[in-house]
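The values are calculated or read from the model by the stated rules, or taken from the named source; none is laboratory data. These numbers were taken from a predicted model, which means no experiment stands behind them. So basically every Cβ, Gly included, is an ideal-geometry build from the backbone, and we count neighbours across all protein chains shown.
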Amino acid sequence: MTGARTDRPVAIPKPSGETGDKAFVRCGGRRLTANLKDMSTSMVPVHESLAFWRIVDIPFETCVAALDGWLGAGHDGEARFGGSQLLGPMEHDRDLGTRRIQVRLARGPLYPALRMRLEVHRWSSSSTALELIPGRLVQPTADYFRAGRLLLDSLTRSVPRHPEPWLTPSAANA
């Protein structure tokens, strides 16, 4: 059933060609399905729940300036960390004050790169929150968790802990 949106259960053919009375439900209109007969509703995956969070003791302005510098210095607005790619330009949500960067998460040689979004939030006057969010439903494998942690570890180790002397608060707020 391609392209059709429905909220009622539908019969989906099995890969072997058999049909069955398995109830599937669409999740949030994002073309994600869950088999409700073979799993409990508490096991229905939500792709936001597979996000990675880090709160780092680095001022928001310093973190944004470092990310912006790496994206500007990289080839075609790209920067690599832990095998993964950050893809510029950085987006600025003026309502929330957050920054967004598209990411291709390298999960190893057996899996294609996964499109994700890195959100940078002001946590406090001296701390920044980093959130790495998958762009679609993912299979939560050990490679996925290893790659997500490696990317955030690489980013947080690379950002200077103190603001550069040339950085003014207005530079990160622009």
* Asked: Would it be correct to say that Arg80 is of a type in the set (Lys, Arg) and at pLDDT 90 or above?
  -> no
* Out of Ala106, Ala129, Ala113, Ala147, which single residue is under 24 Å from Gly69 (Cβ atoms), touching a Gly at 6+ places or on another chain (Cβ under 6 Å) and not polar (S, T, N, Q)? -> Ala106
* **Any strands (runs of 3 or more DSSP E) falling wholly within region 59-116 and containing at least 3 residues that are surrounded by 17 or more Cβ atoms within 10 Å (Cβ to Cβ)** => 84-93, 98-105
* Taking only region 94-115 into account, find how many residues are more than 10 Å from the chain's Cα centre (by Cα), modelled with pLDDT of 90 or more and under 14 Å from Arg149 (Cβ atoms). => 1
* **Residues being surrounded by fewer than 16 Cβ atoms within 10 Å (Cβ to Cβ) and at pLDDT below 60 - total across region 139-174** => 9
* Asked: Is at least one residue of region 124-138 surrounded by fewer than 18 Cβ atoms within 10 Å (Cβ to Cβ) and part of a helix (DSSP H, G or I)?
  -> no
